[in-house]
Amino acid sequence: MIPPVDERAIRAAVDVLECSGLVAMPTETVYGLAGNADDEKAVKKIFEAKKRPTTHPLIVHITGEEALDHWAVNIPQSAYVLARLFWPGPLTMILEKADHVGDWITGGQNTVGLRCPSHPWAKALIKAFAGKHHRGIAAPSANTFGRISPTCAQHVRDDLGEKPKGKVDLILDGGDCDVGVESTIINLTGEHPEILRHGAITRHMLEEALGCPVPDGGKDSPRVSGSLKSHYAPVTKVVLVDDLVGALPQFQDKKLAVMAPAQKLQKTPANVIKWFAAEADPAQYMHALYARLHELDAAKADLIVIERPAQGDRWDAVQDRLTRAAA
Ligand code: TXA
Ligand code: MG
């Protein structure tokens, strides 16, 4: 459930952003750690709070299509097509950056990632902050580098925390994130569009919209920190198996936290100390995935064992995050 937008909290958040502070911003994908994209000092704080290497570029969150040509140049027609179809929503487009976009955002590259989220709190904050000059909000996921992304305010409180004890000036509580995994990233700066990160906007949706193939990006594509092998990992080691029941005997001397289809959980042995029934629908699986990983991790088992879900276009993002969690 998404609580109604608290306009007072939004105004307080704008004040924080004006003073180079950091706000945890709910979006439909995951919570973001927001700072003024034009403010080098604010963006430095984001990197410090996350302990993220500064060469990793950040996404700038904007009000929509009308702000595209403030932030990017040489914008291909495909960007407008995608903005009209999928914004506001879980799609990030990599475009050639405008001159004024700082190195602190782009990690020194000549491209910029732009996204217009659909979560009502994010929309309200971005709109209130943007003003008439199309100002943007830089926001990576609000987690320590390499950890699981937060899909509710409590995840942010538990990881980065709120000041004075924690690192975030203000945590906005906009409820649970609908989508549950980070936005799809499409690179539109090459000869052909390519996917840099899978998300709820699937390859099929992008190909339908653009009328051309949209393959995964190759080695030469721009850097994406989510593409590091070990990203999104719980502290507990994760193993993926094709069949949970068949795999359990080999782990009988270990305490396990488990996620698998309900029918595989009917007779779990005593060494399984925590389990979740996996959703059969990809959107529901995605929605719950990070919260489940957080809880499986919190069980302090020796091992997290997850049965690989189905294959197919709508499962790409889930498969990708599970593979990284297990890397
Ligand atoms: O759903 C999302 O995209 C969330 C919410 C908060 O909007 N944000 C998010 O940010 O996932 P972050 O920083 O955790 O991941 C952004 C990814 C990174 O892997 C980064 O390397 C890539 O986007 N990225 C940003 N700008 C880029 C650019 N100019 N070229 C290539 N990759 C870029
Ligand atoms: Mg992230």
Return yes when ALA200 is open to solvent by less than 10 Å² (accessible area, probe 1.4 Å), within 15 Å of ligand 1 (Cβ to nearest atom) and within 21 Å of ILE94 (Cα to Cα) and no when it is not.
no
Within region 93-113, does at least one residue satisfy the condition of being within 9 Å of ligand 1 (Cβ to nearest atom) and farther than 25 Å from LEU188 by Cβ?
no
It is to be established whether one or more residues within region 128-150 are in contact (Cβ under 8 Å) with a residue 12 or more places away in the chain, more than 19 Å from ARG52 (Cβ to Cβ), part of a strand (DSSP E or B) and not acidic (Asp, Glu).
no
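Can you find even one residue in region 146-162 that is more than 17 Å from TYR290 (Cα to Cα), within 16 Å of ligand 2 (Cβ to nearest atom) and not hydroxyl-bearing (Ser, Thr, Tyr)?
no
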Looking for something within 26 Å of THR144 (Cα to Cα), within 15 Å of ligand 1 (Cβ to nearest atom) and surrounded by fewer than 24 Cβ atoms within 10 Å (Cβ to Cβ) - is there at least one such residue anywhere in region 26-34?
yes
Run ILE195 past the list (1) in contact (Cβ under 8 Å) with a residue 24 or more places away in the chain; (2) open to solvent by less than 10 Å² (accessible area, probe 1.4 Å); (3) among the hydrophobic types (A, V, I, L, M, F, W, C) and report the number of the one that doesn't hold.
(1)
Confirm whether ALA72 is among the small types (Gly, Ala, Ser) and within 16 Å of ligand 2 (Cβ to nearest atom).
no
Take the residues of region 161-184 that are open to solvent by 10 Å² or more (accessible area, probe 1.4 Å) and of a type in the set (A, V, I, L, M, F, W, C): which is farthest from ILE126 (Cα to Cα)?
VAL179
How many residues does region 179-195 hold that are part of a strand (DSSP E or B) and within 13 Å of ligand 2 (Cβ to nearest atom)?
1
Scan region 50-69 for residues that are open to solvent by 10 Å² or more (accessible area, probe 1.4 Å) and within 15 Å of ligand 2 (Cβ to nearest atom) and jot them down.
LYS51, ARG52, PRO53, THR54, THR55, HIS56, PRO57, ILE59
VAL14 passes all but one of (1) open to solvent by 10 Å² or more (accessible area, probe 1.4 Å); (2) within 19 Å of GLN109 (Cα to Cα); which number fails?
(2)
List the number of the failed condition for ALA233; all other conditions in (1) of a type in the set (A, V, I, L, M); (2) within 16 Å of ligand 2 (Cβ to nearest atom); (3) at pLDDT 95 or above hold.
(3)
Being open to solvent by less than 60 Å² (accessible area, probe 1.4 Å), away from ligand 1 (no atom under 12 Å from the Cβ), of a type outside the set (A, V, I, L, M, F, W, C) and under 17 Å from the mean Cα position of the chain (by Cα) is the filter here, so list the residues in region 121-158 that pass it.
HIS155
Working only within region 79-98, note down all residues that are open to solvent by 10 Å² or more (accessible area, probe 1.4 Å) and either within 17 Å of the chain's Cα centre (by Cα) or free of Cβ contacts under 8 Å to residues at least 24 places away in the same chain (or both).
TYR80, ARG84, PHE86, TRP87, PRO88, PRO90, ILE94
Based on what the data block shows, is LEU265 within 19 Å of the chain's Cα centre (by Cα) and crowded, with 16+ Cβ neighbours inside 10 Å?
no
Taking strands (runs of 3 or more DSSP E) that fall entirely within region 227-312, which contain at least 1 residues that are touching a strand residue (DSSP E or B) at 6+ places or on another chain (Cβ under 7 Å) and touching a residue at least 60 places away in the same chain (Cβ under 8 Å)?
238-241, 303-307
Within region 304-311, does at least one residue satisfy the condition of being within 20 Å of ALA262 (Cβ to Cβ), open to solvent by 30 Å² or more (accessible area, probe 1.4 Å) and touching a Pro at 6+ places or on another chain (Cβ under 8 Å)?
yes
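The values are calculated or read from the model by the stated rules, or taken from the named source; none is laboratory data. What you are looking at is a predicted structure, and each value in this text was computed from that prediction instead of being measured. Cβ: placed from backbone, ideal geometry, glycine included. Neighbour counts: every protein chain shown. Note: accessible area is taken over every heavy atom of the protein model, side chains too, but ligands, DNA and RNA are not part of it. Shrake-Rupley method; radii C 1.70, N 1.55, O 1.52, S 1.80 Å.
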